[in-house]
Amino acid sequence: MILVTGGAGFIGANFVLDWLESSDESVLNIDKLTYAGNLGTLKALEHDARLVFERADICDRAAIDTLLAKHQPRAILHFAAESHVDRSIHGPADFVQTNVVGTFTLLEAARMHWIKLPEEQKQAFRFLHVSTDEVFGSLSSTDPQFAETTPYAPNSPYAATKAASDHLVRAYHHTYGLPVLTTNCSNNYGPYQFPEKLIPLMIANALAGEPLPVYGDGQNVRDWLYVGDHCSAIREVLARGDVGETYNVGGWNEKKNLDVVRTVCDLLDELRPKSSGSYRDQITYVKDRPGHDRRYAIDARKLERALGWTPAETFETGIAKTVQWYLDNQQWVDGVASGEYRKWVETNYAQRA
Ligand code: NAD
Ligand code: TYD
């Protein structure tokens, strides 16, 4: 069995769904079910014996020890995190707790579990840490893309806590020999992304007839990767990655935010036209995010060279699928947009007008 942390979140749940579509190896999903965790995403697997769910906090060492001893996973895939930059600006403490203390707790529990394994299982064991390109900081429009050797320069509390967790993972390999792998991926999009993030937020607001809040001048660049491609990269790295290595994962899809929002509007105009005008008319410029990184871009050549991985989707195919998915699954969005979410929208957007 494999252990997935954060398997009720956006990428973790997509990973679990994809994994069990192509493998009969069971999954133990450990998730605290914060506002970002939704078991409804895994509804199709509700009665599937291959998926075991345990509600637990990765900071709870005793709970993690018990689950490792009981289920004896051959690998840990660590997705659980606080993941939204704007929330990290309003409240960084949860980020330090889950991303730093939680990753440390998981590493310690994993090390104690791993050290007692028989030699063959010890050799085969893996701890795969899912991280972000935001640890590398911000690029100018002419800088080369982030490579695995780019120095860390995290700018937001989110990025700083992810960088800290990457360093701990590295240290556990260097010091104790724990067989770790780290992936640093660019911005993901696709089904089941919580509506606080750019693309699902724009779709939801557009359909609700609300403003589409573009931060600053809308010229910030992100490198977008369809979530299914991130999941396939993680499967490759788990299967064949070299222990101790880090791999950058990206889609070769650098886009300005404004262009992403316009693309979403154009797709909605086509698929769900308004009675008059275009969804583009709802675009509004709002106060910028403090410390807003200008550009992220990933050089994913190492992953291609070493493991032959390339993304299957272009931005154009991935975004069309995504917009269609949100149109077909508005019930899922309504289900996750709780009272807590409405409070967050008020906190984040009220002072930006
Ligand atoms: P998400 O916020 O959608 O989901 C996070 C999940 O972790 C939720 O299910 C939540 O309940 C769970 N969780 C949070 N704190 C926990 C705790 N203390 N114990 C147990 N579970 C806890 O995040 P996501 O977008 O799916 O991101 C998953 C991982 O991928 C994160 O580590 C993130 O840093 C990384 N990443 C995300 C992106 C992106 O664009 N979303 C890009 C690159 C890397
Ligand atoms: P986001 O999805 O929060 O991801 P990240 O900050 O991790 O890259 O945001 C993507 C980009 O979109 C980022 O440059 C901030 C911008 N953005 C907006 O312009 N308006 C919004 O309402 C949100 C949520 C993000």
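Numerical summary
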| quantity | calculated |
| --- | --- |
| Some residue of segment 316-336 being within 16 Å of ligand 2 (Cβ to nearest atom) and more than 21 Å from the chain's Cα centre (by Cα) | no |
| Residues of segment 196-218 satisfying the condition of being without any contact (Cβ under 8 Å) to a residue 60 or more places away in the chain and under 29 Å from S140 (Cα atoms) | L201 |
| Among (1) among the small types (G, A, S); (2) outside any helix (DSSP H, G or I); (3) within 13 Å of ligand 1 (Cβ to nearest atom); (4) open to solvent by 30 Å² or more (accessible area, probe 1.4 Å) - the single one A49 does not satisfy | (3) |
| Number of positions in segment 52-94 that are open to solvent by 30 Å² or more (accessible area, probe 1.4 Å), basic (K, R) and not in a loop (DSSP other than H, G, I, E, B) | 3 |
| Unmet requirement for S22, which otherwise passes all of (1) among the polar types (S, T, N, Q); (2) closer than 18 Å to G228 by Cα; (3) surrounded by 17 or more Cβ atoms within 10 Å (Cβ to Cβ) | (3) |
| Unmet requirement for F146, which otherwise passes all of (1) under 20 Å from the mean Cα position of the chain (by Cα); (2) away from ligand 2 (no atom under 16 Å from the Cβ); (3) not hydroxyl-bearing (S, T, Y) | (2) |
| Qualifying residue in segment 124-131 (condition: touching an Asp or Glu at 6+ places or on another chain (Cβ under 8 Å), within 15 Å of ligand 1 (Cβ to nearest atom) and either touching a residue at least 60 places away in the same chain (Cβ under 8 Å) or not in a helix (DSSP H, G or I) (or both)) | yes |
| Pairs with Cβ under 8 Å, 6+ apart, first in segment 9-26 and in contact (Cβ under 8 Å) with a residue 40 or more places away in the chain, second acidic (D, E) and open to solvent by 40 Å² or more (accessible area, probe 1.4 Å) | W19/E25 |
| Only one of G250, G291, G277 that is farther than 26 Å from A159 by Cβ, out of contact with any helix residue (DSSP H, G or I) (no Cβ under 6 Å at 6 or more places or on another chain) and modelled with pLDDT of 95 or more | G277 |
| Segment 259-291, subset open to solvent by 70 Å² or more (accessible area, probe 1.4 Å) and in a loop (DSSP other than H, G, I, E, B), residue nearest to ligand 1 (Cβ to nearest atom) | P290 |
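The values are calculated or read from the model by the stated rules, or taken from the named source; none is laboratory data. Fair warning: this is a prediction, and the values are worked out from it, not measured in the lab. Here the Cβ is made from the backbone with ideal geometry for all residues, glycine too, and neighbour counts use every protein chain on show. Calculation scope for accessible area: heavy atoms of the full protein, side chains included, ligands and nucleic acids excluded. Shrake-Rupley method; radii C 1.70, N 1.55, O 1.52, S 1.80 Å.
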